[in-house]
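Nothing in this text is a laboratory measurement; each read-out follows from the coordinates by a stated rule. These figures come from a predicted structure and were not determined experimentally. FYI the Cβ positions are ideal-geometry reconstructions off the backbone, even for glycines, and counts take in every protein chain you see.
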Amino acid sequence: MRQSRRPKLGDMLVVTPDYQRSQWLSRDRRGDQYVGIVYEIRLDKWGHQNNVFVRWQIDPPRNYNPHYGYAGTNIHNLRSEFEIIRNGVSIP
């Protein structure tokens, strides 16, 4: 059974921000990845995941806003930037 890419509490996110793939960054900075756990999800009035908050292993990526988190839609759609790992399995 295929699982949804909508983030859930407890999911691990591996984030490779789009700015990391920039040709202008040095090679040693391009492959940076950030790992964190989803700890809070705020829904809007239509039930969409408006704010997804992540507790980071070390430092957060520059494109993460600690006051608003990430939009759940971005996590769902930007497969090249967000890898979701749930129960030890990567969600395609």
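Between Asp44 and Arg2, the distance separating the two model label sites (each 7 Å from Cα on the Cα→Cβ line) works out to 2.5 nm. Treating r as the C-beta distance of Arg79 and Asp59 and R0 as 30 Å, the FRET efficiency rounds to 0.80.
Which length gain, in nm to one decimal place, applies between Asn51 and Ala71 when the Cα-Cα distance is subtracted from 0.36 nm times their residue separation? Present the calculation step by step, with values, prior to reporting the outcome.
On the way: separation 20, 0.36 × 20 = 7.20 nm, distance 0.52 nm.
6.7 nm is the gain from fully extending Asn51 to Ala71.
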